[in-house]
1. Of the listed peptides 365-372, 308-315, what is their order by residue-averaged count of other C-beta atoms within 10 Å, with the highest listed first?
2. Rounded, prolate or oblate: which one fits the stretch 287-391, using the alpha carbon gyration tensor with axes a ≥ b ≥ c (rounded when a/c is under 1.5, else prolate when a/b beats b/c, else oblate)?
3. Loop-only chymotrypsin sites (Phe, Trp or Tyr not before Pro) in the stretch 266-303, please: DSSP not H, G, I, E or B, and at most 15 other Cβ atoms within 10 Å.
4. Quick one: which residues, 5 or more positions from Thr120 or on another chain, have an amide H under 5 Å from its amide H? H modelled 1.01 Å from N in the peptide plane, none for Pro or chain starts.
5. Taking all pairs of different Cα atoms in the chain, averaging 1/r and flipping that mean, what Kirkwood radius in angstroms comes out?
6. Residues of the stretch 361-384 with the amide nitrogen closer than 17 Å to a label point 7 Å from the Cα of Glu79, along Cα-to-Cβ, please.
7. Defining a contact as two alpha carbons under 8 Å apart and six or more residues distant in sequence, what relative contact order in percent does the chain show?
8. Among Gly30, Gly62, Gly342, whose mean-square fluctuation peaks in a Gaussian network model of the chain (Cα, cutoff 10 Å)?
Amino acid sequence: MAGPLSGIKVIEVATLFAGPLAGTLLADFGADVVKIEHPVGDPVRGHGPQRDGVGLWWKMLGRNKKSATLYLGSPQGQEIFRRMVADADVVVENFRPGTLERWGLGYAELSAINPGLILTRVTGFGQIGPYAHRPGFGTLAEAMSGFAAITGEPDGPPTLPPFGLADGITGLATAFAIMTALRARANDGLGQQIDMAIIEPILTLLGPQLIAYDQLGQLATRTGNRSTNNAPRNTYRTADGGWVAVSTSAQSVAERVLRLVGRPEFLDEPWFATGTGRAAHADELDEAVGGWIARHDTAAVLAAFDAAEAAVAPVYTAADILDDPHFRALGTIAEVPDDELGLLRMQNILFRLSATPGAIRWAGPPLGAHTAEVLESYGVDAAQLTRLRESGVVR
C-alpha cells in the first residue's frame, strides 16, 4: 500500500536525531523522504553499536528514506538544492540559525521558488533569542527544561537520561508540526516556516511544574522512582532477582494492591483516600508492598497482580521485549530484510491505522545509495555527476 502520506515530498537535510526522527515518522506512512547528507555522511551513522562497520541506529532512523549526498556549502550543491525545492512539500533542516541564509537558501529565497514550501527548522534554542547562536543538543534541553533537576534520588545529583529523550520528544512534535502546516496549506496553498526549539517540547511534557511555581511558589524535587501524586509507586525486587514496577494512579488500584499484599488496614486510614495523602506515607506503603513482592518470584507476582486487576509490569531489557508475547501480538517489533546485514528486528511504525497503515519498506540505506537516482531526476546527467564526485560535492 502506498500509505496515507503518499505524494508528500520531503527533503531532509537534518542530522543526528530530532529532525531525522520526524522524517522517519513521515516516511513510515508513505512520504517520499530524500535524505541529503554531507559527503561524509550524517554523524548518526557512527553513533551507537555497529556491526561489520554498519551503524545499527542508522538502520532504524534511516528507514524508508533515500540517501543522496550533496555539499550545500558549494555553489553547485546550492544550485541543485534549489531545483529540488521547486517541487518539494517540506524541507527539514537543523543547521545553526543563519546558515541557510548565508548560503542563499533561507526561507525568503526558497519560498520565492516554491510558495507552498514548508521549511522546518529544528535547533537547540530556536531561531530567535539570546541563545539562538549556541550549539544545541538534547542533553542541554534535558537540563534546561527542569527534567534533570527532578530526576534521580533525593540525595543524588540531577540525572540525565541514557538516551535521546529530548530529541525523541522533539521528533514527535516536529512531525505533528509538519502535519499541522500541511493542513493549513490545504486551506490557502501557502507554505510557512516551522521554528522548533528542542528545549521546548520536553518542557510541555513535564506537566505542572511551571504553573505550580507560578501560583504556589513550589519547586519539584528529586524523588527517585516515587511520585509526589500517589503511592505505592516504585520498582521492587522479587525473590528470584527480577524487578517489577507498580503504579497506583487510580484509587481503586491502590486499594486492590494493599488487599493483595495482605495489608487492608491501610484502607481505613484517612490519608489513604487521596493520592497526595498516600504519597506522604510512601515509606510505609513501600515497606508493605516491597516486602510482599520480595517474598515471591517474578512470575508469581505478575500472576497475582493480574488476578487482582492491579497495575504491575516487569522491568524489561531489550532481550525481554523481543521475547514478549504481547509485543509480538501487537506487531511492535518488525522484521526487516536488509542487503547489508540480513534480517533486522527493530521498532515497528509508531501506531496502527486500520484503513491506511504505514509500513517499513527498507532499512537505512548505505551512504549515497540513491545519489545518482535522485540527482538524475533533477537534470544532473552522468558527466555532471562525475564532475561533482571529483570535486567532492557528492559521494
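A short reminder: the numbers here are calculations on the coordinates, not readings from a lab. All values reported here derive from a predicted model rather than from experimental measurement. Virtual Cβ from ideal backbone geometry, glycine too; neighbours counted across all protein chains shown.
1. Top to bottom by mean Cβ count within 10 Å: 365-372, 308-315.
2. Details: a/c = 4.48, a/b = 3.15, b/c = 1.42.
Prolate shape, in that a/c is at least 1.5 and a/b is the bigger ratio.
3. On the way: sites: Phe266, Trp271, Phe272, Trp292; in loops: none.
Passing sites in the stretch 266-303 do not exist.
4. The list, which skips near neighbours in sequence, is Val91, Val92, Glu93, Ile194.
5. On the way: mean 1/r = 0.0418 Å⁻¹.
Computed over the chain, the radius equals 23.9 Å.
6. Residues passing the 17 Å test: 375-384.
7. Working: 712 pairs, mean separation 78.7, N = 395.
Reported as a whole number, the value is 20 percent.
8. Evaluated over the chain, the most mobile residue of the options is Gly342.
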